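Each remark here refers to the structure printed beneath this line.
Any read-out appearing in this document is the output of simple, stated calculations on the displayed coordinates, not a laboratory observation. None of these values were measured; they are calculated from a predicted model. Cβ: placed from backbone, ideal geometry, glycine included. Neighbour counts: every protein chain shown.
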Amino acid sequence: MDDLYREIIIEHYKNPSYRGKLDPHDISFADNNPLCGDHIQIDMRVDDNGVVTEAMFDGHGCAISQASADLLIESIIGKPLEELKKLNKDYILELLGIELGPVRLKCALLSLKVLKAGVYGLGEASDELVE
């Protein structure tokens, strides 16, 4: 089963469906993983009811960070911002479908940290956002 999930990760890394930037956007946030240099920016458009209508990510980094960003973006379109505030690390791990060590976990969670900092309108992202 891990092999299937690894293939999905590689596919989302090599051929991301949601890579790019939205201009204009309603929400935009970017952050880095200082341990490895991964970078993610997420842009979103939100309707009058607080529902994500479009979202894209841009950045660079390892297969885990970029694939998790693509999978996350795919999963949030059509969801209300209030629901996004409730997402946690288990959500990302379920999307990825494989076990990760502590270093790779930071890579996988970068997109969620960026997403939540943007949704909350924070000036700075924090690891506490993904617990």
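From zero up to wherever the largest Cα-Cα distance of region 47-108 sits, split into 5 Å bins and tell me the percent of pairs in each.
4, 16, 27, 23, 17, 9, 3, 1
For the chain, what are the per-bin percents of Cα-Cα distances with bins 5 Å wide, up to the bin holding the maximum?
Each 5 Å bin holds this share of Cα pairs: 2, 12, 23, 26, 21, 11, 4, 1, 0.
If neighbour count is taken as other Cβ atoms inside 10 Å, put E7, E74 in order from fewest to most. Before the final figure, lay out each step's value.
Values: E7 10, E74 14.
Taking fewest neighbouring Cβ atoms as first place, the list is E7, E74.
Give the lysines reachable from K85 as a straight Cα distance under 19 Å; neighbours fewer than 8 places away on the same chain don't count.
Qualifying lysines at Cα under 19 Å: K106, K113, K116.
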